[in-house]
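Remarks on the structure that follows.
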Amino acid sequence: MNLVLSFLKCGKQSIQPSNKIAVWISKLLEYRLIDTKEKAEFALNYNIDTLIIVNGITLFCEFREEAKKLIYNAKKIIWIGNDYSIKIPSLLKNNLNGKSIIRIAQYDNFDNIKNHYTLDLNKLLSKNDMPKNIYDISGLFYYGAFREGRLNSFNKYLKFNKNLDIHILSSKNNAENYYKINSKSNIYTNKTNVLDVLPKFQCSIYIEDDFSHKNIMTPANRFYEIISCKTLLFYDYACKKTLENAGYWDEDFAVNSQDEIIEKLKNYNELREKQILKYSEKNFKKELDNDFKKIYFSI
């Protein structure tokens, strides 16, 4: 038996990228998905050939003991990494039973894992059927985790500017942190599907952690979500390494300040049409399916 393990339950309404990745791999390879104690207990009755584990926090896993046994018994272990900040947990490392970990991740091998393959997993979050809407709200829209490694970018692009309205989708816990950067920003804390609100805004900005500037990463999920919604996306110059490596860099969308965004918005229609056309023939999900299979069946 071959398995895909998610430390958290993959509900139909789950918005966690790691959960979506677990479901996708399970369906793509036709492997049994293990995301509950009951399913883990069932799998322990069988011989396990390959166990694919999608990164996640083990603290809240309801079947830690069963997971340990599955890891110990499996013949091959593959770790799927879609977030460089989530380390391979001791629960996995301490139960390998002499096996080596094979890692397929959306980041480069910065920590020197012996068996590592880089794959752009965030392509999974793209959509090809989003309509081209006329925006309702002018200005710059940002969403994403509030991380210390993004503070330099936040202070550059989200600060107050009388000529550029700033809109931020945030958790209630982080709203105050954003207000400290710009007390006049418009902050939305309603729990919502970001794909429902993105098309309402004029433009957004692609930024990344400072760590990503120095290491090879694939584009974040925000890149594919914004492109899918056909909202004009500007590229922070500091992200050139990431986007150039992915084949997406274009100077027409590159900015280094709020003033450059304001200036480029004067050509909003032209830039947006160019960007939509640039990605109109892309089928990111199909690319991901093919790239994953190519790596997986070579291991």
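Arrange the following residues from fewest to most other Cβ atoms within 10 Å of their Cβ: 226, 48.
Least to most surrounded, the residues fall as 48, 226.
For residue 30 and residue 190, what does the FRET efficiency come to when R0 = 51 Å and r is the distance between their Cβ atoms, rounded to the nearest 0.05?
0.85
Within the stretch 52-85, list the residues whose amide N lies under 18 Å from a label point set 7 Å along Cα→Cβ of residue 114.
Hits in the stretch 52-85 for residue 114 at 18 Å: 72-80.
What ratio of Cα Rg to 2.2 N^0.38 Å holds for the chain?
Here the Cα radius of gyration is 1.07 times the empirical estimate.
Could you tell me which of the pairs 240/266; 114/274; 127/266; 99/127; 156/214; 75/191 are separated by over 30 angstrom between their Cα atoms in the structure shown?
114/274; 99/127; 75/191
Restricted to Cα positions, what overall size does the stretch 136-187 have along the principal axes? Three whole-Å values, descending.
27, 20, 16
Could you pull out which residues in the stretch 102-125 have an amide N less than 18 Å from a spot 7 Å beyond the Cα of residue 289, following the Cα-Cβ vector?
120-125
Given the peptides 18-26, 139-147, arrange them by the average over their residues of other C-beta atoms within 10 Å, most packed first.
Put in order of decreasing packing, that is 18-26, 139-147.
Quick one: work out the % antiparallel among DSSP beta bridges in the chain, nearest 5.
The answer is about 5 percent antiparallel.
What is the percent of Cα-Cα separations in the stretch 137-281 that go past 18 Å?
54
Residue 299 to residue 251: FRET efficiency via 1/(1 + (r/R0)^6), r the Cβ-Cβ distance, R0 30 Å, to the nearest 0.05?
0.20
Taking the Cα-to-Cβ direction at residue 137 and at residue 173 and moving 7 Å from each Cα, how far apart do the two end points lie in nm?
2.3
Sketch the reach of a paramagnetic label on residue 160 as a point 7 Å from Cα along Cα-to-Cβ, and name the residues of the stretch 179-217 whose backbone nitrogen lies under 11 Å away.
181-185
If you keep only loop residues by DSSP, which GluC sites (Glu not before Pro) in the stretch 51-101 have at most 16 other Cβ atoms within 10 Å of their Cβ?
Answer in residue order: 62.
How much net charge surrounds residue 55 when only other residues with a Cβ under 15 Å from its Cβ are counted (Lys, Arg +1; Asp, Glu -1)?
+1
Which of the trypsin sites (Lys or Arg not before Pro) found in the stretch 160-240 are loop residues per DSSP with 13 or fewer other Cβ atoms within 10 Å of their Cβ?
162, 184, 191
Taking the alpha-carbon centroid of each part, what is the distance from the stretch 246-278 to the stretch 128-150 in angstrom?
14
Enumerate by residue number the chymotrypsin sites (Phe, Trp or Tyr not before Pro) in the stretch 152-236 meeting two conditions: DSSP loop (anything except H, G, I, E, B), and at most 14 other Cβ atoms within 10 Å of the site's Cβ.
Qualifying residues, ordered by number: 160.
Each value in this text was obtained by applying a stated rule to the coordinates, not by laboratory testing. Quick caveat, the model's predicted, so the values are computed rather than measured. Cβ coordinates were reconstructed from backbone atoms using ideal geometry, including for glycine residues, and neighbour counts include every protein chain displayed.
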